[in-house]
Amino acid sequence: MAAYNGATHIEEQINSILSELDAHDELIVVDDHSTDGTAGIVGGLQDDRIRLVQAASNAGYVRTFERALGEARGEFVFLSDQDDVWIPGRIEAMISAMDSKDMVASNCKHFDGPLGTFHEIRLRAKDSQHSIRNIIGIVVGYRLHWGCAMAVRKRILPQILPFPQHMAESHDQWIAMVGNINRSIVYLEADTILHRLHGENLTPRGIRSASKIIRARLAFIKNVIEAVRRSRLAVRAA
């Protein structure tokens, strides 16, 4: 979990996660130098499964998620935002759907705010086999993956990490791109998380300016090239 000034909702989210975890699981919370007492709330929950990592300075959500993934020690790694709510049975459903693949992405049920353009996009199970189409969809913008609704096997993390240096947003699309490049991602149509919508969300509700769209698409193309390069290196090393 990447956390920053999440005092309002983070305890509710953590409780929904802990109810899904076994005794040997862990919840890694990387606090990105919050100023509202977020770290104190997390530290005060008194659960040995919680591992709080406090950043010395604010790095932004992309680098905070990067650090959180780098801290992971379990076989299955679930990404989490600080203000959502996990739907009961989420872990079992996603691990079961993943089967032998390295990655699974599900859908979200959005709540607590008005829906925007991106919130109407849903993943379909039948698209799991269409890796090229999915990669094109990521670059163009019609195949959206919610990071809070994704899980990966630890064995794929060396291809995901570190995030490309040029990447300033959309770490979730990068992760999905790695999964598709390796033809090792499954789409689960079920909603596995309640995704809270509010004014602090970083996903835009509407269409962005043309210049921002162009910059984002160029960055995605660079990500494709980098993901292919890392995949080829992994094959050679195997």
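The values are calculated or read from the model by the stated rules, or taken from the named source; none is laboratory data. None of these values were measured; they are calculated from a predicted model. FYI the Cβ positions are ideal-geometry reconstructions off the backbone, even for glycines, and counts take in every protein chain you see.
Candidates are the residues of region 105-150 that are within 19 Å of VAL85 (Cβ to Cβ) and aliphatic (A, V, I, L, M); the one that is surrounded by the most Cβ atoms within 10 Å (Cβ to Cβ) is ALA105.
To keep it simple, each residue is scored yes or no on (1) within 22 Å of PRO162 (Cβ to Cβ); (2) touching a residue at least 40 places away in the same chain (Cβ under 8 Å); (3) not in a loop (DSSP other than H, G, I, E, B).
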{"site": "GLU20", "(1), (2), (3)": "no, yes, no"}
{"site": "HIS24", "(1), (2), (3)": "no, no, no"}
{"site": "SER34", "(1), (2), (3)": "no, no, no"}
{"site": "ASP48", "(1), (2), (3)": "no, no, no"}
{"site": "ALA59", "(1), (2), (3)": "yes, no, no"}
{"site": "ARG63", "(1), (2), (3)": "yes, yes, yes"}
{"site": "ALA93", "(1), (2), (3)": "no, yes, yes"}
{"site": "ASN107", "(1), (2), (3)": "no, yes, yes"}
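Applying the condition of being aliphatic (A, V, I, L, M) and within 12 Å of GLN173 (Cβ to Cβ) to region 136-154 and asking which residue is modelled with the highest pLDDT yields MET150.
Condition check for ASP32 on (1) within 26 Å of LEU188 (Cα to Cα); (2) of a type in the set (Asp, Glu); (3) in contact with a Lys or Arg (Cβ under 9 Å, 6 or more places away or on another chain): one failure, at (1). Evaluated against (1) assigned to a helix (DSSP H, G or I); (2) under 19 Å from the mean Cα position of the chain (by Cα); (3) crowded, with 16+ Cβ neighbours inside 10 Å; (4) not basic (Lys, Arg), GLY70 falls short on exactly one condition, (3). Looking at ALA56, ALA39, which is the one that is small (Gly, Ala, Ser), surrounded by 14 or more Cβ atoms within 10 Å (Cβ to Cβ) and at pLDDT 95 or above? Just a single option satisfies the conditions, and that option is ALA39. The set of residues in region 117-148 that are in contact (Cβ under 8 Å) with a residue 60 or more places away in the chain and in contact with a His (Cβ under 9 Å, 6 or more places away or on another chain) comprises HIS119, LEU123, ILE138, GLY147, CYS148.
Among residues that are surrounded by fewer than 16 Cβ atoms within 10 Å (Cβ to Cβ) and under 23 Å from ILE91 (Cα atoms), LEU45 is not included. What about GLN13, is it surrounded by 17 or more Cβ atoms within 10 Å (Cβ to Cβ), polar (S, T, N, Q) and in contact with an Asp or Glu (Cβ under 9 Å, 6 or more places away or on another chain)? Against the criterion (surrounded by 17 or more Cβ atoms within 10 Å (Cβ to Cβ), polar (S, T, N, Q) and in contact with an Asp or Glu (Cβ under 9 Å, 6 or more places away or on another chain)), GLN13 qualifies.
Tell me, yes or no, whether region 210-232 has at least one residue that is modelled with pLDDT under 90 and within 27 Å of GLU20 (Cβ to Cβ). No, that holds for no residue. Among all residues of region 108-116, there is none that is under 21 Å from ILE156 (Cβ atoms) and at pLDDT 95 or above. The residues in region 1-27 that are under 15 Å from ALA72 (Cα atoms) and touching a Leu at 6+ places or on another chain (Cβ under 8 Å) can be counted, and the count is 3.
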